[in-house]
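For reference, the structure discussed in these notes is given below.
The values are calculated or read from the model by the stated rules, or taken from the named source; none is laboratory data. What you see is a predicted model, and the numbers here were worked out from it, not measured in a lab. Note that each Cβ is placed from the backbone with ideal geometry, even for glycine, and that neighbours are counted across all protein chains shown. Heavy atoms of the whole protein, side chains included, go into the accessibility calculation; ligands, DNA and RNA do not. Shrake-Rupley method; radii C 1.70, N 1.55, O 1.52, S 1.80 Å.
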Amino acid sequence: MASTLTKLTTVVHDATAKHTATVIFMHGFGDSGAGWAPVGEQLSEYVPHVKFIFPNAPALPITANGGMLSPAWYDIKSLSTIQHEQDEQGLLRSRRQVMELVREEVDRNKIPANRIVLGGFSQGCVLSLLTALTSEYRFAGVTALSGYLPLHSKIITMVSDANRKTPIFWGHGDADQVVKYKYGEQSVEFLKENKYSVRFHTYPRMGHSACPQELGDLLSFFNEVIPEELPVMAKA
């Protein structure tokens with residue numbers, strides 16, 4: 001049966017040198033790929049071999065907003081606790097859509113999965129974690145910014161071993177009042193207890209946003225996990 005999934009639209013910042021790695025980064029609730037595209041353009045100056053893909057979430061009715069349509073990767077029931085009922089169906093639908101972007105990079109553009117980083121901010125962080133932890137592909141890394149781990153009650157029953165050792169960069173501001181800092185702490189503790197390789201970066205006085213220090217740390221992470229591949233010199 002043919003897939004009925006709608007292909008995600010994207011904002012793309014192409015590599016400015018030979019394309020050997022890709023970052024797929026999902027925005028947060030109410031935003032779009034264009035909201036994070038300037039970050040890709042800024043970082044691209046230092047990692048010219050990297051192509052940045054910023055998908056656009058569809059407009060969904062949001063329960064916490066009285067059913068109003070907003071760009072979102074899944075419905076928000078409540079943010080009173082990360083253990084609250086979550087929109088598993090919406091999360092899994094968006095996961096399938098992101099995996100289509102991954103397969104396109106691997107199959108059409110010939111970028112190996114271990115040269116792809118998945119990441120996101122807030123809702124996009126949640127989606128990137130779900131996608132990476134349950135994927136059959138082994139990714140180069142995961143960047144989780146200001147989010148939380150979804151589906152706590154069953155995520156460990158869904159995971160693949162492919163990314164058990166994949167490095168996860170986690171950044172969170174300790175003044176975040178949207179996705180509370182403690183949610184990030186609890187999620188990281190849970191992942192570490194289950195033997196995942198998580199590096200937790202705390203940004204003092206940062207709210208639900210990003211800061212220059214975090215972007216600098218992100219760049220260092222990219223240089224580590226998807227470094228530029230130097231050409232092999234022929235022997236004389």
Exercise. Considering only the chain, what is the antiparallel percent among its DSSP beta bridges, to the nearest 5?
Worked result: 25 percent
Exercise. Measuring with a 1.4 Å probe in the full set of protein chains, what accessible area per residue, in whole Å², belongs to the chain?
Worked result: 47 Å²
For this session: Using a Förster distance of 22 angstrom, determine the FRET efficiency expected from the C-beta separation of His201 and Arg164, and round it to 0.05.
Result: 0.55
For this session: Compute the length gained on full extension between Glu88 and Arg103: take 0.36 nm times their separation in residues and subtract their Cα-Cα distance, giving the result in nm to one decimal.
Result: 3.2 nm
Exercise. Relative to the longest principal Cα axis of the chain, at what angle does helix 212-225 sit, 0 to 90 degrees, rounded to 10?
Worked result: 50 degrees
Exercise. If you count, for each residue, the other Cβ atoms within 10 Å and average over each peptide, how do 8-16, 133-141 line up from highest to lowest?
Worked result: 133-141, 8-16
Problem set entry | Segment Asp174-Glu193, length gained on full extension (0.36 nm per residue, minus Cα span) | 4.7 nm
For this session: Give the shape of segment 104-159 as rounded, prolate or oblate, defined through the alpha-carbon gyration tensor: a ≥ b ≥ c are the square roots of its eigenvalues, a/c under 1.5 means rounded, and otherwise the shape is prolate if a/b is larger than b/c and oblate if not.
Result: oblate
For this session: Can you bin segment 133-189 into rounded, prolate or oblate? Criterion: square roots of the alpha carbon gyration tensor eigenvalues sorted a ≥ b ≥ c, rounded for a/c under 1.5, prolate for a/b above b/c, oblate for the rest.
Result: oblate
For this session: Quick one: pull the percent of accessible area on the chain belonging to carbon and sulfur, 1.4 Å probe, ligands and nucleic acids left out.
Result: 52 percent
For this session: List the residues whose amide H sits under 5 Å from the amide H of Ile76, counting only those 5 or more places along or on another chain, with H placed 1.01 Å from N in the peptide plane.
Result: Thr63, Ala64
Exercise. What angle do you read, to the nearest 10 degrees and between 0 and 90, between the alpha-carbon axis of helix 181-193 and the longest principal axis of the chain?
Worked result: 60 degrees
Seminar exercise, completed: By accessible area (1.4 Å), largest first, Met68, Met26 order as Met68, Met26
For this session: Kindly rank 44-52, 203-211 from highest to lowest mean number of other beta carbons found within 10 Å of each residue.
Result: 44-52, 203-211
Problem set entry | Paramagnetic reach from Glu45 (point 7 Å along Cα→Cβ, amide N under 15 Å) across segment 1-30 | 16
Exercise. Quick one: helix 33-44 against the long Cα principal axis of the chain, what's the angle to the nearest 10°, folded into 0 to 90?
Worked result: 30 degrees
For this session: Can you bin segment 116-236 into rounded, prolate or oblate? Criterion: square roots of the alpha carbon gyration tensor eigenvalues sorted a ≥ b ≥ c, rounded for a/c under 1.5, prolate for a/b above b/c, oblate for the rest.
Result: oblate
